[in-house]
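One structure is given here, and the rest of the page talks about it.
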Amino acid sequence: MSMNAKELIARRVANEVRPDSLVNLGIGLPTLVVSYIPRGAPVLFVTENGLIGVGPRPPHGMENPDLIDAGGGFIMAIPGAASLDSTATFGLIRGGHVDLTVLGGLQVDARGRLANWMIPGRLVPGMGGAMDLVTGAKRVIVAMIHTAKGTPKIVEECALPLTSVRPVSLVVTEMAVIEPTAEGLVLRERAPGVSVADVVGATAAKLIIPPTVPEFALS
Amino acid sequence: MKTARHPDDLVAMIPDGAVLMIGGFLGVGSPHRLIQGLVSAGRKGLTLIANDTHHPGLGIGKLIDARVVKRLIASHIGTNPETQRQMTAGELEIELVPQGTLAERIRAGGYGLGGVLTKTGVGTIVEKGKPTIEIDGETWLVEKPLRADFALISARQADYFGNLTYELTAQNFNPVMAMAAATVIVEADEIVAVGMIPPDSVRTPGILVDYLLEHPA
């Protein structure tokens, strides 16, 4: 189930990637998004360790030891790529020059605030670039499985430490597309075969339900 | 002019308890021979400022394995279970800093600034114990500058003035760290004659560099 769920999320998020934008993809599920962006679409990917113009993985034996992504995997640089040091890279991120970041999530609360960097006492990996990305990117999309083994991850108030107090732009799960607004979380779309009641039942925060909630359009 | 030195001579300058900045991102752009030198010399009690601690047995991870580090300032330790184990066991003191804030705190240290104002971390546990300041109705977190006794830098090319170039994602924290330490030691892939690096290609000017690591025999 989880592979299909992740693929569904990645395909829906890919629809949010606009032409001519500078995009950052987090490690894990968000990385799958790249597979569903139409080939030849003019999108530039930026990685936190200092490259605009991230290309595909190199063929075996053609890795450049000085060229990796933020997950440590070897990458290629597309023609027209630019390399940057960490101050410039995070200047881009904090300064609002990155159009979209797609990140994983542990919890999102009713105000649209994301927690995705630690579980006290259990998992303390450090925030890396996540706090800067959520605070500074023009749009922030959370791509995550709707529940943690049945326990809702969309909650009234995050119990886990926040990544930023700035609300995210959109939450995409295998069940729904939810948009944080000033009034609260709005249920914009539901996944094929999923009812509004299913989404409400798997969500621990109040959802605003518009008169019609269409099914996802997938790329 | 700088002369290239043997790693043992360079490591001998770094005393136990020193504050070090070490460049690199998951080992790419880290000065691996200097790191090995610190381990071999049995250094103890270092404060380390670095983006991450790579993996056990690799790059900066070797310093963690060998218990060289007493205090760590980093943005990410998720790739190194040994770092997390030492932290949980109370053997290693760790300050986690958002990656962009880490870069800017080092920049402030090197550029003569009294601190950084950033929105990153406002209202989160990163804010704990730090002042905030309101400017034109917006809240900013005040983050202090970082400086070090030594910066260990990895570069693509060095000339004998100490001018440096970097390559691709091996730049990361190296150029900014070269600004923020009292003594800067460089491990370059290649040392070239003065004049070989055109002025426009110099990313770290040689006046910042104190020592070059010699090439293996």
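Scanning region B:39-82 for residues being crowded, with 24+ Cβ neighbours inside 10 Å and charged (D, E, K, R) gives a total of 1. Of all the listed residues (A:GLY193, A:GLY105), the sole one being at pLDDT below 95 and away from chain B (no Cβ under 11 Å) is A:GLY193. Scan region B:171-212 for residues that are more than 24 Å from B:LEU102 (Cα to Cα), away from chain A (no Cβ under 14 Å) and in a strand (DSSP E or B) and the total you get is 4. Residues in region B:55-70 that are in a loop (DSSP other than H, G, I, E, B) and within 23 Å of B:LEU146 (Cα to Cα): B:GLY59, B:ILE60, B:ARG67, B:VAL68.
Hey, among the residues in region B:140-153 that are part of a loop (DSSP other than H, G, I, E, B) and within 30 Å of B:ARG33 (Cβ to Cβ), which one's farthest from the other protein chains (Cβ to nearest Cβ)?
Result: B:ARG147.
Selection of region A:73-107 for residues being of a type in the set (Gly, Ala, Ser), within 20 Å of B:MET177 (Cβ to Cβ) and surrounded by fewer than 23 Cβ atoms within 10 Å (Cβ to Cβ) yields A:SER83, A:ALA88, A:GLY91.
Residue check: A:GLY71 meets all listed conditions (1) in a loop (DSSP other than H, G, I, E, B); (2) modelled with pLDDT of 95 or more but one, namely (2). The condition of being over 28 Å from B:ARG85 (Cβ atoms), more than 14 Å from chain B (Cβ to nearest Cβ) and either within 19 Å of the chain's Cα centre (by Cα) or assigned to a strand (DSSP E or B) (or both) does not hold for A:VAL98.
In the set B:ILE35, B:ILE77, which member is within 14 Å of chain A (Cβ to nearest Cβ) and either over 23 Å from A:GLU48 (Cα atoms) or modelled with pLDDT of 95 or more (or both)?
Step by step, each of B:ILE35, B:ILE77 is checked, and only B:ILE77 is within 14 Å of chain A (Cβ to nearest Cβ) and either over 23 Å from A:GLU48 (Cα atoms) or modelled with pLDDT of 95 or more (or both).
The set of residues in region B:112-138 being on the phi < 0 side of the Ramachandran plot and more than 10 Å from chain A (Cβ to nearest Cβ) consists of B:LEU113, B:GLY114, B:VAL116, B:LEU117, B:LYS128, B:LYS130, B:PRO131, B:THR132, B:ILE133, B:GLU134, B:ILE135, B:GLU138.
A:THR87 meets all of the listed conditions (1) among the polar types (S, T, N, Q); (2) in contact (Cβ under 8 Å) with a residue 24 or more places away in the chain; (3) in contact with a helix residue (DSSP H, G or I) (Cβ under 7 Å, 6 or more places away or on another chain) but one, namely (2).
Considering only residues in region B:135-169 that are touching an Asp or Glu at 6+ places or on another chain (Cβ under 8 Å) and more than 28 Å from A:ILE68 (Cβ to Cβ), the one that is surrounded by the most Cβ atoms within 10 Å (Cβ to Cβ) turns out to be B:LEU141. Does region A:120-142 hold any residues that are closer than 22 Å to A:ARG18 by Cα and touching a Gly at 6+ places or on another chain (Cβ under 7 Å), and which are they? The answer is A:ASP132, A:GLY136, A:LYS138, A:VAL142. Please find, among B:ILE14, B:ILE73, the residue that is part of a loop (DSSP other than H, G, I, E, B) and in contact with a strand residue (DSSP E or B) (Cβ under 6 Å, 6 or more places away or on another chain). Of B:ILE14, B:ILE73, the one residue that is part of a loop (DSSP other than H, G, I, E, B) and in contact with a strand residue (DSSP E or B) (Cβ under 6 Å, 6 or more places away or on another chain) is B:ILE14.
Every residue, every condition in (1) touching a residue at least 24 places away in the same chain (Cβ under 8 Å); (2) in a loop (DSSP other than H, G, I, E, B); (3) away from chain B (no Cβ under 14 Å), yes or no:
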position	(1), (2), (3)
A:ASN24	yes, no, no
A:LEU32	yes, no, yes
A:ALA41	yes, yes, yes
A:VAL46	yes, no, no
A:ASN49	yes, yes, no
A:PRO58	no, yes, no
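Considering region B:182-203, and only residues there that are under 18 Å from B:ARG5 (Cβ atoms) and touching a Leu at 6+ places or on another chain (Cβ under 8 Å), the residue that is surrounded by the fewest Cβ atoms within 10 Å (Cβ to Cβ) turns out to be B:ILE191.
B:GLN99 meets each of the listed conditions (1) polar (S, T, N, Q); (2) within 16 Å of the chain's Cα centre (by Cα); (3) surrounded by fewer than 21 Cβ atoms within 10 Å (Cβ to Cβ) apart from (3).
The values are calculated or read from the model by the stated rules, or taken from the named source; none is laboratory data. Remember, predicted model here, so these are calculated numbers, not experimental data. Methodologically, a virtual Cβ is constructed for each residue, glycine included, from the backbone with ideal geometry; neighbour enumeration extends over all protein chains shown.
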